[in-house]
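Have a look at the structure below before the remarks.
The values are calculated or read from the model by the stated rules, or taken from the named source; none is laboratory data. Note that this is a predicted model, so its numbers are computed, not measured. In this analysis, Cβ positions are derived from the backbone assuming ideal geometry, glycine residues included, and neighbour counts consider all displayed protein chains.
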């Protein structure tokens, strides 16, 4: 069995992927995607005609590189040396789906919500579920819960017809 871990800063998700790989005696590959969409995001706003846009894009790139190094270092501390680590650059969900298709993984493990620095990758779960060619396991982190989100904390109920 082959498992892909979509890396973000969540140590809970890293630990769960490692636990699943150990339990199932599966190979584990972690993928960190450098988000290359900031250029698109800032292309049509007030920054586009100023030097501020270039400064912001440089800041975003540097932040992504720091996040990649920190996240991979944390994963290396937690996983055995036989875990593979990959990195790619592009739209986060597109790159995850591309890796799933390329290597024919049987399970994807990822955080929900999926984070990149201070940002939550918008609709990552929806995009992945719509196009994934394998089973998907979402790990919900404690940091995603809040007192304002009590509906999601309620248990599921079965309704009889």
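Is there a residue in the stretch 4-24 that is modelled with pLDDT under 90 and on the phi < 0 side of the Ramachandran plot?
Applying the first criterion (modelled with pLDDT under 90) to the stretch 4-24 yields none.
No, the conditions are met nowhere in the stretch 4-24.
Does the stretch 107-114 contain at least one residue that is modelled with pLDDT under 90 and closer than 21 Å to residue 86 by Cα? Among the residues of the stretch 107-114, at least one is modelled with pLDDT under 90 and closer than 21 Å to residue 86 by Cα, which makes the answer yes. When the stretch 69-93 is filtered for residues that are farther than 27 Å from residue 25 by Cα and surrounded by 15 or more Cβ atoms within 10 Å (Cβ to Cβ), the ones remaining, listed by number, are 91, 92. If you go through the stretch 58-76 and keep only what is in contact with a helix residue (DSSP H, G or I) (Cβ under 9 Å, 6 or more places away or on another chain) and either within 30 Å of residue 2 (Cα to Cα) or at pLDDT 85 or above (or both), you end up with 64, 71, 74, 75.
Each residue in the stretch 82-137 was checked for being in a strand (DSSP E or B) and farther than 20 Å from residue 16 by Cβ, and 5 of them qualify. Of everything in the stretch 25-57 that is assigned to a strand (DSSP E or B) and more than 14 Å from residue 79 (Cβ to Cβ), the residue that is modelled with the lowest pLDDT is 35. Among the residues of the stretch 81-112, those identified as free of Cβ contacts under 8 Å to residues at least 60 places away in the same chain and over 14 Å from the mean Cα position of the chain (by Cα) are 81, 82, 84, 101, 102. When residue 79 is tested against (1) at pLDDT below 95; (2) in contact with a strand residue (DSSP E or B) (Cβ under 6 Å, 6 or more places away or on another chain), just one condition goes unmet, and that condition is (2).
Of the residues making up the stretch 6-22, those that are over 12 Å from the mean Cα position of the chain (by Cα) and either surrounded by 20 or more Cβ atoms within 10 Å (Cβ to Cβ) or in a strand (DSSP E or B) (or both) number 3.
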